[in-house]
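First up is the structure itself, then whatever we jot down about it.
The values are calculated or read from the model by the stated rules, or taken from the named source; none is laboratory data. On a predicted model such as this, the values are computed, not experimentally measured, just so you know. When we count neighbours, we look across all protein chains shown, and the Cβ atoms used for this are built from the backbone with ideal geometry, even at glycine.
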4 protein chains.
Amino acid sequence: MRLPILILNFKSYAEAAGRRALEVAKSAERVAKELGVSIAVAPNHVDLAKVAESVEIPVFAQGAEVEAPGAYTAHVAVENLREIGVRGLILNHSEAPLQLNLLARLTARAKAIGLDVVICAPDPATSLAAAALGPHGVAVEPPELIGTGRAVSKYKPEVIVETVKRISEKFPEVAVITGAGIESGEDVAAALKLGTRGVLVASAAVKAKDHYAKIKELATPLLG
Amino acid sequence: MRLPILILNFKSYAEAAGRRALEVAKSAERVAKELGVSIAVAPNHVDLAKVAESVEIPVFAQGAEVEAPGAYTAHVAVENLREIGVRGLILNHSEAPLQLNLLARLTARAKAIGLDVVICAPDPATSLAAAALGPHGVAVEPPELIGTGRAVSKYKPEVIVETVKRISEKFPEVAVITGAGIESGEDVAAALKLGTRGVLVASAAVKAKDHYAKIKELATPLLG
Amino acid sequence: MRLPILILNFKSYAEAAGRRALEVAKSAERVAKELGVSIAVAPNHVDLAKVAESVEIPVFAQGAEVEAPGAYTAHVAVENLREIGVRGLILNHSEAPLQLNLLARLTARAKAIGLDVVICAPDPATSLAAAALGPHGVAVEPPELIGTGRAVSKYKPEVIVETVKRISEKFPEVAVITGAGIESGEDVAAALKLGTRGVLVASAAVKAKDHYAKIKELATPLLG
Amino acid sequence: MRLPILILNFKSYAEAAGRRALEVAKSAERVAKELGVSIAVAPNHVDLAKVAESVEIPVFAQGAEVEAPGAYTAHVAVENLREIGVRGLILNHSEAPLQLNLLARLTARAKAIGLDVVICAPDPATSLAAAALGPHGVAVEPPELIGTGRAVSKYKPEVIVETVKRISEKFPEVAVITGAGIESGEDVAAALKLGTRGVLVASAAVKAKDHYAKIKELATPLLG
């Protein structure tokens with residue numbers, strides 16, 4: 001995972017589903033190439049293979065539920081992700097919270113097969129536990145700000161500061177990322193200034209009328 | 001859903017993931033065309049869009065967790081399925097059991113947008129409740145036989161008989177399907193003879209050395 | 001389960017926890033004796049044994065998660081309920097939704113050991129499926145009204161009417177109960193008039209300043 | 001939580017349910033008094049209030065699902081535990097695994113109201129994350145040994161050693177406890193020798209013909 005990074009989470013938004021998943025991913029790829037910055041896209045499960053074969057920037061899965069392939073109807077297995085071209089994995093998003101024990105196993109397996117792993121957590125205390133599992137990054141996201149347009153970096157900077165402090169003390173090898181309410185390039189810049197190494201964005205990019213322009217705005221602060 | 005039907009569940013088997021998902025689906029399509037019978041394939045979530053654009057036979061999703069698109073990270077929304085070409089939905093497989101209330105909502109929504117819905121259930125009593133939700137089909141599958149090679153139609157025919165009896169009494173418009181341990185054309189024939197209108201098969205087809213030959217064997221009894 | 005019935009759900013309200021669980025239960029017992037009507041109380045798990053040994057009216061558990069006793073830490077086993085004096089079981093309350101398959105097993109086991117079973121469901125379609133599982137009663141409760149003080153019998157009478165219609169057609173042996181927003185004796189009377197055989201009440205009784213008076217008000221319409 | 005400690009988990013075993021919950025708890029209390037060692041009992045939810053009022057040794061809940069009292073049918077609220085005399089809380093037992101985010105909140109709340117908190121975890125990596133949440137103790141229990149009679153301290157000592165090492169390095173204030181397969185005083189002695197400060201035992205104590213004798217055997221090594 002090249003840092004700093006902008007990760008675009010498509011969730012199950014209609015605006016980034018099916019054919020539109022490819023369009024948003026293509027816009028992200030164009031910005032990544034033009035600016036030379038690190039951008040990853042995380043399409044919905046059902047669009048994963050098609051997006052992964054269509055763009056060169058890293059494609060992340062939004063989650064997984066089992067480690068190995070097998071008799072797991074309707075579950076995504078970590079080990080099936082690499083073959084279809086997926087390069088990273090978001091785990092424990094507040095909309096898809098995982099049991100601690102499973103989260104630990106999925107993280108270990110994903111790392112073992114070479115996927116980048118970002119674990120989401122709602123607050124500093126949980127983020128520290130997430131970091132203890134050894135992912136590449138922890139994304140602290142206060143759930144009450146997700147989707148609100150009120151950026152964590154502006155409305156709850158203390159959450160970011162405290163998370164950065166705790167994790168850098170005990171697990172300095174884990175990058176702190178943040179998200180929730182990020183709407184503008186300014187919000188991204190503020191997040192980076194607070195010590196994070198990237199941002200996780202969903203609705204602001206996905207629902208923008210002009211994906212390309214919005215992603216470019218969000219990615220520009222990564223240039224430093 | 002054209003009856004009688006053979007539904008092939010790819011689960012998250014490595015043997016039917018990624019590139020191999022397409023191969024198995026293509027074999028199924030070839031058999032469907034050659035014999036003129038009804039066969040549907042149910043690939044893993046992550047292969048869904050690619051398979052759906054590659055074959056003409058019906059593609060089913062193995063499950064879904066939310067009704068409408070939106071801020072649902074790592075969840076599959078029923079309403080996003082149609083656009084990518086999915087035509088049916090398996091719900092409540094014993095490996096992905098659903099809460100009753102959610103199952104009811106997902107069934108209603110899937111029907112409303114024109115998807116075929118098959119609800120799985122482990123026994124006659126639960127099957128009757130599943131039928132009460134108004135799906136197109138109920139697939140009774142004793143979980144203790146799934147993946148064993150001991151076919152329900154041979155080892156627990158009374159489960160099928162009782163399910164057919166109860167459902168035809170109260171909800172005659174719902175087709176009874178069955179599965180679990182189905183390995184051979186003989187098992188399929190037995191299931192149909194017991195009054196079911198189709199079978200749900202996973203490992204026997206997916207793990208066969210020659211997918212085409214095995215699917216042909218399994219589908220032939222559908223000719224009646 | 002003697003019908004019509006008033007079932008008081010203590011949830012995990014502080015107002016009906018610990019010592020106060022006994023007080024509310026005693027008030028309910030007093031009303032039941034004075035009016036000669038059927039009232040059951042459903043205290044929180046942690047108060048269950050103490051309440052059950054303290055009152056003579058039926059005590060219901062608010063739920064259970066496994067059928068038989070065993071190595072199930074933090075789970076309530078149906079079969080352990082009878083020994084401590086519990087006589088009934090509420091399942092699938094919207095605040096504790098159960099997987100269909102488990103709900104079917106818990107219902108069957110509870111009936112087998114002689115407990116009264118009431119399954120909750122949010123709407124007519126789900127209620128019909130619940131009834132198909134063969135409980136003694138189905139309690140239809142639109143979740144959006146629970147705890148609001150806007151009684152289902154006044155604000156959504158069509159939900160009750162439709163549920164009564166569907167269940168009486170297919171499973172006439174199952175009693176329809178209702179709940180959600182029930183605040184007054186008038187609400188109870190309206191529910192009974194719509195064809196239900198009882199009501200499930202929580203906050204109105206539990207949070208009343210004078211439990212005895214409120215329970216008496218709610219129970220009086222049961223006299224017919 | 002006085003260390004070293006023996007914690008007896010009654011699970012939902014019939015042998016420690018209802019009236020027998022009181023008997024086992026009384027035996028534990030007798031041993032605690034005779035030997036002057038620290039023993040806690042963790043009865044099933046439904047027996048909690050009765051046991052807590054009947055013995056003077058610490059009573060732990062086997063779990064909880066919500067923080068505050070309220071409209072949570074069939075859920076145990078942390079804040080309702082203290083009033084009924086509960087003094088500690090086991091969280092995330094492998095038989096009742098919790099989502100990381102909820103586990104963090106429950107731990108924080110339980111500590112805030114003065115309960116002792118022990119978080120269970122299956123292996124060293126997960127144990128470290130559990131310790132990061134700041135509980136009083138972490139109980140490492142390889143699930144494959146639970147209930148087998150093959151003691152973790154004898155069959156997987158490396159799991160204990162590694163857990164003690166990792167936690168003492170990063171979170172030295174958190175006591176490491178262990179469990180799984182503990183059958184005899186010898187097993188307990190071995191666990192303490194490996195650096196743990198207590199053991200979690202279930203079936204060996206609960207299913208013993210003579211509870212008092214078995215608990216005494218298990219507790220004696222705590223004398224050091």
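Listed here are the residues, each with its yes/no results for (1) assigned to a loop (DSSP other than H, G, I, E, B); (2) facing chain C (nearest Cβ under 10 Å); (3) touching a residue at least 24 places away in the same chain (Cβ under 8 Å).
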{"site": "D:GLU53", "(1), (2), (3)": "no, yes, yes"}
{"site": "D:ALA64", "(1), (2), (3)": "yes, yes, yes"}
{"site": "D:THR73", "(1), (2), (3)": "yes, yes, no"}
{"site": "D:GLU83", "(1), (2), (3)": "yes, yes, no"}
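Restricting attention to the stretch C:178-198, the residues that are in contact with a Leu (Cβ under 6 Å, 6 or more places away or on another chain) and among the aliphatic types (A, V, I, L, M) add up to 2. Name the residue, out of D:VAL138, D:VAL164, D:VAL118, that is over 17 Å from D:VAL201 (Cβ atoms), among the hydrophobic types (A, V, I, L, M, F, W, C) and at pLDDT 90 or above. Exactly one residue qualifies, and that residue is D:VAL164.
If you go through the stretch A:121-152 and keep only what is within 14 Å of A:GLU173 (Cβ to Cβ), buried (at least 24 other Cβ atoms within 10 Å of the Cβ) and touching a Lys or Arg at 6+ places or on another chain (Cβ under 8 Å), you end up with A:LEU128, A:ALA131, A:ALA132, A:PRO135, A:GLY137. The residues in the stretch C:151-181 that are over 13 Å from C:ALA139 (Cα atoms) and in contact with a strand residue (DSSP E or B) (Cβ under 6 Å, 6 or more places away or on another chain) can be counted, and the count is 0. Among the residues of the stretch C:1-11, those that are within 14 Å of another protein chain (Cβ to nearest Cβ) and either in contact with a helix residue (DSSP H, G or I) (Cβ under 6 Å, 6 or more places away or on another chain) or modelled with pLDDT under 95 (or both) comprise C:LEU8, C:PHE10. Looking across the stretch A:66-116, the residues that are within 18 Å of the chain's Cα centre (by Cα), more than 19 Å from D:ALA130 (Cα to Cα) and aliphatic (A, V, I, L, M) come down to A:VAL76, A:VAL78, A:LEU81, A:VAL86, A:LEU89, A:ILE90, A:ALA96, A:ALA110, A:LEU115. Note on the stretch B:126-151: residues that are facing chain C (nearest Cβ under 8 Å), in contact (Cβ under 8 Å) with a residue 24 or more places away in the chain and touching a helix residue (DSSP H, G or I) at 6+ places or on another chain (Cβ under 6 Å) total 5.
Taking the numbered list (1) closer than 20 Å to B:VAL66 by Cα; (2) touching a strand residue (DSSP E or B) at 6+ places or on another chain (Cβ under 6 Å); (3) of a type outside the set (Asp, Glu); (4) at the interface with another protein chain (Cβ under 7 Å from one of its Cβ atoms) in turn, A:LEU91 passes all entries but (4).
Of the residues making up the stretch C:141-149, not a single one is assigned to a strand (DSSP E or B) and closer than 24 Å to C:PRO43 by Cα. When the stretch D:137-179 is filtered for residues that are of a type in the set (Ser, Thr, Tyr) and farther than 12 Å from D:ASP123 by Cα, the ones remaining, listed by number, are D:THR148, D:SER153, D:TYR155, D:SER168. Residue count for the stretch C:192-209 satisfying the condition of being within 14 Å of C:ILE146 (Cβ to Cβ) and of a type outside the set (Gly, Ala, Ser): 5. Considering C:VAL78, C:VAL46, the condition of being crowded, with 23+ Cβ neighbours inside 10 Å, out of contact with any His (no Cβ under 9 Å at 6 or more places or on another chain) and not hydroxyl-bearing (Ser, Thr, Tyr) is satisfied by C:VAL78 alone. Looking across A:VAL31, A:VAL41, one residue alone is under 18 Å from the mean Cα position of the chain (by Cα), part of a strand (DSSP E or B) and under 21 Å from A:LEU223 (Cβ atoms). It is A:VAL41. Is it true that A:GLU53 is within 22 Å of B:VAL66 (Cα to Cα) and surrounded by fewer than 23 Cβ atoms within 10 Å (Cβ to Cβ)? It is false that A:GLU53 is within 22 Å of B:VAL66 (Cα to Cα) and surrounded by fewer than 23 Cβ atoms within 10 Å (Cβ to Cβ). Of all residues in the stretch A:97-118, those being in contact with a Phe, Trp or Tyr (Cβ under 8 Å, 6 or more places away or on another chain) and either under 28 Å from B:ILE7 (Cβ atoms) or within 13 Å of chain B (Cβ to nearest Cβ) (or both) number 1.
The helices (runs of 4 or more DSSP H) located wholly in the stretch D:155-224 that include 3 or more residues which are out of contact with any Lys or Arg (no Cβ under 8 Å at 6 or more places or on another chain) and surrounded by fewer than 18 Cβ atoms within 10 Å (Cβ to Cβ) occupy D:157-170, D:185-193. Between a first residue in the stretch B:160-177 that is within 12 Å of chain C (Cβ to nearest Cβ) and a second residue that is surrounded by fewer than 17 Cβ atoms within 10 Å (Cβ to Cβ) and at pLDDT 95 or above, which pairs have beta carbons less than 6 Å apart while being 6 or more apart in sequence or on different chains? Within 6 Å, the pairs are B:LYS170/C:LYS170.
Checking C:ILE7, C:ILE57 one by one, the residue that is touching an Asp or Glu at 6+ places or on another chain (Cβ under 6 Å), closer than 20 Å to C:ALA110 by Cα and either not acidic (Asp, Glu) or not in a helix (DSSP H, G or I) (or both) is C:ILE57 and no other. The number of residues in the stretch B:20-42 being within 14 Å of chain A (Cβ to nearest Cβ) and closer than 16 Å to B:ALA208 by Cα comes to 7.
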